[in-house]
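Visitor: Below are the structure tokens for one structure; questions will follow.
The values are calculated or read from the model by the stated rules, or taken from the named source; none is laboratory data. From a predicted model like this one, the values you see are computed outputs, not experimental measurements. So basically every Cβ, Gly included, is an ideal-geometry build from the backbone, and we count neighbours across all protein chains shown.
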Amino acid sequence: MIDSVKTAETTPGLEQPFADLGLKPDEYTRIHEILGRRPTSCELAMYSVMWSEHCSYKSSKVHLRQFARLAEQIDQRRGEKAPGAAGAVMVGMGENAGVVDIGDGYAVTFKVESHNHPSYVEPYQGAATGIGGIVRDILTMGARPVAVMDPLRFGPLEAEDTRRVLPGIVAGIGGYGNCLGLPNIGGEVVFDPTYLGNPLVNALCVGVMRHEDIKLAKASGPGNQVILFGARTGGDGIGGVSVLASETFDADGPSKRPSVQVGDPFAEKVLIECCLEIFAADLVVGIQDLGGAGLSCATTELASAGAGGMHVVLDRVPLRDSTLAPEEILMSESQERMCAIVEPRHVDAFMALCGKWDVEAVVIGEVNDSGRLTVEWRGEIVVDVPPRTVAHEGPVYERPYARPADQDALQADGTSGLLRPNTPAELSTTILRMAGAPNLCDKSWITSQYDRYVLGNTVLAMPDDAGIVRIDEATGLGVAISTDCNGRFARLDPYAGAQLALAEAYRNVAAKGARPLAVTDCLNFGSPEDTGVMWQFAEAVRGLADGCLALGVPVTGGNVSFYNQTGETAILPTPVVGVLGVMPDVRARVPMAFATDGDAILLLGETREELDGSEWAHVVHGHLGGTPPMVDLESERSLASMLVEGAEQGVFASAHDLSEGGLAQGLVECCLRGGLGARVELPSGLEPFVALFSESAARAIVTVAAPHRYAVEAFAEMHGVTVTEIGYVGGSTLRINADIEIPLADLRAAHTATLPAAMES
Amino acid sequence: MHSSAARSARVGVVTFPGSLDDGDAARAVRIAGGEPVRLWHRDKDLHGVDAVVLPGGFSYGDYLRCGAIARFSPVMGSIIAGAGRGLPVLGICNGFQVLCESHLLPGALIRNDHRHFVCRDQWLRVENVDTSWTQDLRMGQEILVPVKNGEGGYIADPETLEWLETLGRIVFRYINGNPNGSRDDIAGIRNEAGNVVGMMPHPEHAVEELTGPSVDGLVVFTSVLGGLLAPSMVTA
């Protein structure tokens, strides 16, 4: 029997499984109040997925408002609105992805999103559909996707479960992204015990369009047709956002496999090409992809943002499985589907392009101005709701938060008492050990499974500081992106940790010669129902918002992922920050590799004794405590200006940000990347150990050929950046002071052996 | 002769649904000095092109078997016929798989021996320069181009491998490490006439200093253009 609106009116007392669908009793009561009756089972399904934490941001919304104001505040500080100037935000938060003006009539859209829980339950499909989802978000804005990146977090490298999830996740990202023909240009791979049982799979996509091609997700114009196109709807991913993404895993592990979607990258590839031709022919007035919450999300969001009303005939939805119930069709998260709003006069042309690409397309409904979303199934009305109440007026929680009681003790437990390497032999051993540590070692076992060449515009890719893609072959205009986060710093101080993540991504982009423009973030945290976790979240958001304001880079979009914990143990707070920068001519990019014998190596910035939360403390002592390195955003800004202007003038032969592992690791990476050694004299006044392993922020190393030395000094003076010459490029060893000398072959062996040994043993 | 040389050679680049490197192949043709002509899989008409590139990707999702469905597309019927008449055809990666499925080249490409997709900069040795696509390379020359595939292991029965070797049909061989378990380190082969070449590595990704590991791949494209513009070919 169909649970229609009529039935609901006549059976008010029917017991409904709202709790199993993830709704709280008060939320269920609110649905009653909105509708003036009990919801039908279809309506209940829609509200349950749309009011899930994942879709409604109900716990994070009150905090995220700080980001929404940023673009305006930054413009005010600049003292101008600067329309049309590179850096202006053209579409801000709230749409599928933010859009930034990069000049010359080009706009770029980019966003990072999480697919954590599905990737733990079913690593390959979870990660694959994570890529698929973010790519559709970018496509939906009217852009051609041009690159992806993937920040990843895993449990300890040696853990058995890491060997289950890591290869599957990597193969899934590769399998899907490679088939889409999108270069994978960077990301992160970090191991920490807190991610065991809750790996993080974040996926970033960047797309490019002309200003006039921006598309929005709204259904305007009564009479316009609602067209569902792409793959058929199946029974996969039902309740993915509510049951899977918005709950904590039990300690007895994953058992929610049917909630994971199954991807078909070929279907997505043809969908992309088909959409781009449809956009080029200007055939849609609004478009939305079907991701989390599937058709429920697409129809309510389109209607809510547009004319306000829509009628959908659910029987017309092409199905992979004819036995699906209407509730399941509304909740299914089957991949590779899009929903377009098309004027009646353009429907034939739209269908013809779908036919060209063999993409199935069906008119499933019509826009109206009734203010209601009505859904019909077998001749009966099964949904009759005000769409705003589903899509945009979900519950908002002011979750209580409190600084955890153990935070003081954690911060008091610094690294000053830890045993340090002192002798040249000890320092030498430590450098080698760090070079091969899981978080610092060579990641090519992973990155070589991703295509970084396709599309022919990849100028830099991992392991370089940032990925760079060319956008305009004639002018060389391009963008650089880096994602970063040190979760240990965020654990010690979430406010500072979020700013350090921002500062590092910002610095990475600038080190390549790109001017940082905008920010996307993926805020991965534990359960918001834990007051300590909620405090971490609130602090991180506040820190990020303040940091973005100070650096003049607005947040244009992102994603919050809560409930990243197994049982009582939350992950390290992991606010992954992606910074996008623009380069007027990508030929000016500065690679990290040491380039030429004899080039001077210059250390930019100040090194302090900052080892709390460092990679050294983690690797050598398994220690986490103290306070993270000082945040100095003014210095970050100065350093970035110097790096960008220097790059534009072509004075740097190489540049590399210093972060995890400090100067020692930075030197190792530059040497190995270029296959050239270095002769280094550590600055006096600092213990060699501190000079090598401190993780002070706002630092970079650059190499400079003799003729450019004067220019670099001038740039440094102009921007007030401290420059210390620490040696020169050359030889086949890394020599530090008179008494440390390690052959590059040994460093390479240590650096490259770790991952293959762990994955192939 | 001058008027012939002024017309740049037209090189078709086929797009199947799921083709990925078609834009890159077209760019390589352009940088090499030719005129790229995009060919659609459903279109039998080759639009009078002088040569054809089957690009990398996952044609038709690589369902069934890599290249197995593409082989039956309308455009392939015309290309197979053209190849029989001497039309230069280059299959790169998925294109190589299509050529094998089409029986324009012997053997097959199977899953990499390590069972992972691999993308890396790969050294190759040029083993044969008597083809439309390698005539401007030198015998024994070592070139650096990207390789990126999941199913790039070349395989054939022992007799075929032997005659490929003895008849000089091997065009490129992997050196400094075999990325996928190809038999005899085979990276590329040719047909008897030398107009059809299939290769797993991607010369179209090594045509610009800015984006490639080298510009070694460009010679593959200038080779065919040079051949097309030679007086003997133009008047033929």
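Visitor: Tell me which helices (runs of 4 or more DSSP H) are completely within the stretch A:436-551 and hold 2 or more residues being within 14 Å of chain B (Cβ to nearest Cβ), or say none if there are none.
Guide: Fully inside the stretch A:436-551 and qualifying: A:444-447.
Visitor: Tell me, please, whether a residue that is at pLDDT 95 or above, assigned to a helix (DSSP H, G or I) and buried (at least 24 other Cβ atoms within 10 Å of the Cβ) can be found in the stretch A:596-604.
Guide: Checked against the condition, which is being at pLDDT 95 or above, assigned to a helix (DSSP H, G or I) and buried (at least 24 other Cβ atoms within 10 Å of the Cβ), the stretch A:596-604 yields no hits at all.
Visitor: Within the stretch A:10-36, which residues are among the charged types (D, E, K, R) and closer than 18 Å to A:GLU327 by Cα?
Guide: Matches in the stretch A:10-36: A:GLU15, A:ASP20.
Visitor: Residues that are within 14 Å of another protein chain (Cβ to nearest Cβ) and crowded, with 24+ Cβ neighbours inside 10 Å: find the strands (runs of 3 or more DSSP E) completely inside the stretch B:163-204 holding 2 or more of those.
Guide: none
Visitor: Looking only at the stretch B:56-79, filter to residues that are of a type in the set (Val, Ile, Thr) and within 15 Å of B:SER19 (Cα to Cα); which one of those is farthest from the other protein chains (Cβ to nearest Cβ)?
Guide: B:VAL75
Visitor: Here's something else I'd like to know. Based on what the data block shows, is B:LEU144 touching a residue at least 12 places away in the same chain (Cβ under 8 Å), more than 15 Å from the chain's Cα centre (by Cα) and away from every other protein chain (no Cβ under 14 Å)?
Guide: no
Visitor: Which is among the β-branched types (Val, Ile, Thr), under 35 Å from the mean Cα position of the chain (by Cα) and not in a helix (DSSP H, G or I), of A:VAL367, A:VAL382, A:VAL390?
Guide: A:VAL367
Visitor: May I ask you to say which residue of A:ARG153, A:ARG164 is of a type in the set (Lys, Arg) and modelled with pLDDT under 95?
Guide: Of the residues listed, the single one that is of a type in the set (Lys, Arg) and modelled with pLDDT under 95 is A:ARG164.
Visitor: I would also like to ask the following. Can you give me the number of residues within the stretch A:165-179 that are touching a strand residue (DSSP E or B) at 6+ places or on another chain (Cβ under 6 Å) and among the small types (Gly, Ala, Ser)?
Guide: Looking only at that region, the number is 1.
Visitor: Just a yes or no: is a residue in the stretch A:641-655 crowded, with 20+ Cβ neighbours inside 10 Å, more than 28 Å from the chain's Cα centre (by Cα), in a helix (DSSP H, G or I) and of a type outside the set (Val, Ile, Thr)?
Guide: The answer is yes, given that some residue of the stretch A:641-655 is crowded, with 20+ Cβ neighbours inside 10 Å, more than 28 Å from the chain's Cα centre (by Cα), in a helix (DSSP H, G or I) and of a type outside the set (Val, Ile, Thr).
Visitor: Next question, about the same structure. Can you pull out the residues in the stretch B:9-55 that are among the aliphatic types (A, V, I, L, M) and within 13 Å of chain A (Cβ to nearest Cβ)?
Guide: Of everything in the stretch B:9-55, those that are among the aliphatic types (A, V, I, L, M) and within 13 Å of chain A (Cβ to nearest Cβ) turn out to be B:VAL13, B:LEU20, B:ALA25, B:ALA26, B:ALA28, B:VAL29, B:ILE31.
Visitor: Going by the conditions given, is B:SER59 modelled with pLDDT under 95, crowded, with 18+ Cβ neighbours inside 10 Å and small (Gly, Ala, Ser)?
Guide: yes
Visitor: Regarding A:MET718, is this residue in contact with a helix residue (DSSP H, G or I) (Cβ under 7 Å, 6 or more places away or on another chain) and either of a type in the set (Lys, Arg) or not in a strand (DSSP E or B) (or both)?
Guide: When the stated conditions are applied, A:MET718 does not pass them.
Visitor: If I filter the stretch B:137-162 down to residues being within 22 Å of B:ARG111 (Cβ to Cβ) and charged (D, E, K, R), which single residue comes out as surrounded by the fewest Cβ atoms within 10 Å (Cβ to Cβ)?
Guide: Result: B:ASP157.
Visitor: Would a scan of the stretch A:351-363 turn up a residue that is in a strand (DSSP E or B), crowded, with 21+ Cβ neighbours inside 10 Å, at pLDDT 95 or above and in contact with a Leu (Cβ under 9 Å, 6 or more places away or on another chain)?
Guide: Looking for residues that are in a strand (DSSP E or B), crowded, with 21+ Cβ neighbours inside 10 Å, at pLDDT 95 or above and in contact with a Leu (Cβ under 9 Å, 6 or more places away or on another chain), one finds at least one in the stretch A:351-363, hence yes.
Visitor: If you don't mind, there's one more thing I want to ask. Conditions first: (1) more than 14 Å from chain B (Cβ to nearest Cβ); (2) out of contact with any strand residue (DSSP E or B) (no Cβ under 7 Å at 6 or more places or on another chain); (3) in a helix (DSSP H, G or I); (4) surrounded by fewer than 24 Cβ atoms within 10 Å (Cβ to Cβ). A:THR129 passes all but one, so which condition is the exception?
Guide: With respect to (1) more than 14 Å from chain B (Cβ to nearest Cβ); (2) out of contact with any strand residue (DSSP E or B) (no Cβ under 7 Å at 6 or more places or on another chain); (3) in a helix (DSSP H, G or I); (4) surrounded by fewer than 24 Cβ atoms within 10 Å (Cβ to Cβ), A:THR129 is out only on (4).
Visitor: For the stretch B:107-139, give me each residue that is part of a strand (DSSP E or B), closer than 18 Å to B:GLU151 by Cα and basic (Lys, Arg).
Guide: B:ARG120
Visitor: Any residue at all in the stretch A:291-307 that's closer than 16 Å to A:ALA361 by Cα, surrounded by fewer than 21 Cβ atoms within 10 Å (Cβ to Cβ) and touching a residue at least 60 places away in the same chain (Cβ under 8 Å)?
Guide: No, every residue in the stretch A:291-307 fails to be closer than 16 Å to A:ALA361 by Cα, surrounded by fewer than 21 Cβ atoms within 10 Å (Cβ to Cβ) and touching a residue at least 60 places away in the same chain (Cβ under 8 Å).
Visitor: Does A:LEU744 count as touching a Ser or Thr at 6+ places or on another chain (Cβ under 6 Å) and either crowded, with 22+ Cβ neighbours inside 10 Å or under 30 Å from A:VAL170 (Cβ atoms) (or both)?
Guide: yes
Visitor: Evaluate the stretch B:105-116: report whether one residue or more is crowded, with 24+ Cβ neighbours inside 10 Å and more than 10 Å from every other protein chain (Cβ to nearest Cβ).
Guide: yes
Visitor: Go through (1) in a strand (DSSP E or B); (2) over 28 Å from A:GLY94 (Cα atoms) for A:SER322 and report which single condition fails.
Guide: All conditions are met except number (1).
Visitor: Need the failing condition index for A:VAL347 against (1) at pLDDT 95 or above; (2) surrounded by 23 or more Cβ atoms within 10 Å (Cβ to Cβ); (3) in a helix (DSSP H, G or I); (4) among the aliphatic types (A, V, I, L, M), just the number.
Guide: (2)
Visitor: Condition check: part of a strand (DSSP E or B) and in contact (Cβ under 8 Å) with a residue 60 or more places away in the chain. Does A:VAL62 satisfy that?
Guide: Judged against the criteria, A:VAL62 is not a match.
Visitor: How do the pairs read when you match residues in the stretch B:68-94 that are of a type in the set (S, T, N, Q) with residues anywhere that are buried (at least 20 other Cβ atoms within 10 Å of the Cβ) and in a helix (DSSP H, G or I), using Cβ under 7 Å and keeping only pairs 6 or more apart or on different chains?
Guide: Close Cβ pairs (under 7 Å, with a partner that is buried (at least 20 other Cβ atoms within 10 Å of the Cβ) and in a helix (DSSP H, G or I)) amount to B:ASN94/B:SER59.
Visitor: While we're here: Please pick out the residue among A:VAL690, A:VAL680, A:VAL704, A:VAL668 that is touching an Asp or Glu at 6+ places or on another chain (Cβ under 9 Å), of a type in the set (A, V, I, L, M, F, W, C) and closer than 25 Å to A:MET434 by Cβ.
Guide: A:VAL690
Visitor: If a residue must be among the hydroxyl-bearing types (Ser, Thr, Tyr) and in a helix (DSSP H, G or I), how many such residues does the stretch B:140-162 contain?
Guide: 1
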